[in-house]
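Q: Here's a structure for you.
Every number here is computed from the coordinates shown, using simple stated rules; none is lab data. Given the structure is predicted, the values throughout are model-derived calculations rather than measurements. Counting neighbours? That spans all protein chains shown, and the Cβs are built from the backbone with ideal geometry, glycine included.
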């Protein structure tokens with residue numbers, strides 16, 4: 001039985017060979033006609049706005065046309081099926097890397113869904129346990145799960161549709177190996193999909209792979225259709241189905257009391273907000289936001305700075321006029337040193353005179369929170385899209401920015 | 001887990017095997033590749049049936065994909081044609097029921113499995129049949145399978161009920177035991193027989 005790490009390594013190697021072979025052939029003067037077709041196809045994409053369904057169809061049609069062109073081409077005369085196949089894999093990788101920024105997460109709707117899934121997963125991460133999906137204890141193997149998560153998280157670092165599919169396959173193979181090994185060591189029959197799908201769902205929630213929806217859509221539209229069949233199609237379908245399950249997940253989807261589910265979700269939402277506010281109140285928070293090196297950073301810092309100066313002013317006012325320190329003056333509640341004077345208050349001890357202060361603190365918090373949300377949105381969008389090189393017909397753009405994406409994984413993840 | 005007891009390493013009930021397929025299909029379709037989806041309540045032994053089939057057919061020279069939930073198995077027919085079954089298992093738990101269409105879309109064969117000791121699983125099977133009639137591809141080949149036939153003494157769904165329901169819905173019906181391997185091969189052979197064959201021109 002293959003160990004998971006070796007299977008993922010061996011899966012990556014042939015693809016590299018294939019691709020360099022493809023580039024070599026494209027440098028051959030005899031392939032000039034093909035190179036022209038490819039370049040003009042790529043250029044033609046810059047004339048129109050993104051339209052995923054239409055773009056997908058165009059790319060698929062182009063692949064089909066090119067496949068017959070390659071089959072008839074003198075450079076591939078007497079070539080084996082495998083050689084043509086590897087040329088097609090090379091072509092797919094080349095074209096889709098060039099068109100990546102144009103085709104990946106190209107609509108605001110996609111960006112929104114990505115965010116929605118990622119946020120939902122963040123909430124679920126705070127309380128979801130394997131038992132809630134009835135995953136038996138003998139399948140709860142942290143080491144295997146971690147490997148599977150790692151494989152899945154790579155999906156966002158790669159640009160070629162085939163390589164994204166391989167990440168899914170590797171992740172699923174690790175789960176399969178776990179199921180096979182567990183059934184042998186526990187002497188139980190294999191549970192099949194009844195066991196596989198819950199584990200996959202749990203691993204996706206633990207991994208929270210960035211831009212899950214966009215990655216799925218990208219594969220659906222741009223992986224050559226003849227290749228998304230059989231085992232690859234099965235595991236891909238499982239990923240789609242797990243994503244659907246997570247998006248629709250409610251109290252009834254889990255082995256958990258409905259009230260407990262709602263309470264946990266509520267608590268998770270609050271915790272996320274507190275984390276945001278705490279981050280904003282420390283000057284460190286501003287620095288990390290401001291130093292991402294994105295064009296937006298000035299805006300972000302400005303928003304942040306104005307939010308902070310407002311905070312400082314009004315909070316200082318409150319401190320001066322402030323409600324009796326003996327009850328409310330508890331600074332430990334925030335890490336930034338600014339007091340939220342009513343945190344320890346009890347309704348019975350408030351006076352009408354406190355209404356004005358309460359209102360001003362409330363406004364402060366809301367203003368800060370909305371500014372922060374805006375700032376985080378500004379930061380998070382370019383952060384996840386950032387590793388895309390410009391496509392100036394330069395092969396250096398194929399060097400995969402494998403390390404950069406780790407920065408785009410959500411900092412809120414508690415793993 | 002889904003199966004009734006451990007599977008003994010015997011292979012009774014398989015004699016005769018593929019000889020039944022002498023009259024199957026036309027000789028023009030040389031290599032069929034068929035997507036087969038398994039539906040049924042969790043615990044009815046869907047995956048056991050398939051494992052039994054794949055392991056029972058085991059031939060060291062054939063390429064067999066044994067995963068936990070996706071398996072493929074090629075059977076050679078007497079007329080030198082082959083049918084490669086690509087078997088898609090689905091999670092049977094109620095909470096995943098809404099996801100099933102993602103799996104049976106484009107399937108040429110649906111095998112709906114219930115447990116003869118569980119009337120609930122028989123009801124669930126009927127639910128899947130209706131689902132498939134509404135949303136599956138119109139020319140899908142459907143089989144209704146009553147599994148765990150070795151558990152006679154615990155039987156709660158009479159074979160007659162299965163036969164009648166299958167007849168009414170134009171399905172093929174068989175009772176199997178993944179435990180003893182009874183009727184496992186017959187199930188897949190019968191499916192192979194019923195597959196529409198592509199025309200000679202293809």
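Q: Between region B:132-174 and region A:75-122, how far is it from one alpha carbon centroid to the other, in angstrom?
A: About 42 Å separates the Cα centre of region B:132-174 from the one of region A:75-122.
Q: Over the Cα atoms of region B:101-154, each weighted equally, I'd like the Debye log10 I(q)/I(0) at q = 0.17 Å⁻¹, rounded to two decimals.
A: Here log10 of I(q) over I(0) equals -0.55.
Q: Shifting gears a bit: Suppose R0 equals 22 Å. What FRET efficiency, 1/(1 + (r/R0)^6) with r the Cβ-Cβ distance, do residue A:356 and residue A:275 give to the nearest 0.05? Could you put the intermediate results ahead of the total?
A: On the way: r = 29 Å, r/R0 = 1.33.
So the FRET efficiency works out to roughly 0.15.
Q: Could you give me D for region A:91-168, from Stokes-Einstein at 4 °C and 1.567 mPa s, where the hydrodynamic radius is the Kirkwood radius over C-alpha pairs? Units µm² s⁻¹, please.
A: For these conditions, the coefficient is 86 µm²/s.
Q: Quick one: Cα centre-to-centre distance for region A:199-274 and region A:348-374, in angstrom?
A: Answer, in whole Å: 37.
Q: Once you place label points 7 Å from the Cα toward the Cβ at residue A:85 and residue A:369, how far apart are they in nm?
A: Taking the simple label geometry, residue A:85 and residue A:369 are separated by 5.6 nm.
Q: Another question about this same structure. Among A:361-370, A:97-106, how do they line up by average Cβ neighbours within 10 Å per residue, starting with the highest?
A: A:97-106, A:361-370
Q: If you don't mind, another one. What percentage of all Cα-Cα pairs in region A:108-277 are separated by more than 20 Å? Mind showing how you got there, number by number?
A: Working: 7719 of 14365 pairs.
Result: 54 percent of Cα pairs exceed 20 Å.
Q: Moving to a separate point now. Per residue of A:178-190, count partner chain C-beta atoms within 10 Å of its C-beta, then hand back the mean as an integer.
A: Taking all residues of A:178-190 together, the mean is 4.
Q: In nm, what is the difference between 0.36 nm times the number of residues separating residue A:71 and residue A:40 and their Cα-Cα distance?
A: My answer for the length gained is 9.2 nm.
Q: In cubic angstrom, how much convex hull volume per residue do the alpha carbon atoms of region B:31-194 span? List each step's numbers first, then the result.
A: Values: hull volume 17.8 nm³, N = 164.
Measuring per residue, one finds 108 Å³ for the Cα hull of region B:31-194.
Q: Highest mean first, how do A:25-36, B:34-45, A:222-233, A:170-181 rank when packing is the count of other Cβ atoms within 10 Å averaged over residues?
A: The peptides rank, most packed first, as B:34-45, A:170-181, A:222-233, A:25-36.
Q: Also, quick follow-up: For peptide B:99-109, how many partner chain Cβ atoms fall within 10 Å of a residue's Cβ, on average?
A: The mean count of partner-chain Cβ atoms within 10 Å per residue comes to 2.
Q: Sticking with this one: According to a simple spin-label model (label point 7 Å from Cα along Cα-to-Cβ), what is the distance in nm between residue A:20 and residue A:32?
A: 2.7
Q: Now a separate question. Where in region A:42-79 does the label zone of residue B:105 land, with the point 7 angstrom along Cα→C-beta and an amide N cut-off under 17 Å?
A: What the label zone holds, given the 17 Å backbone N cut-off, is A:52-54, A:56-57.
Q: Provide the packing ranking of B:109-115, B:169-175, A:46-52, A:70-76, i.e. peptides ordered by the mean count of other C-beta atoms within 10 Å per residue, highest first.
A: B:109-115, B:169-175, A:70-76, A:46-52
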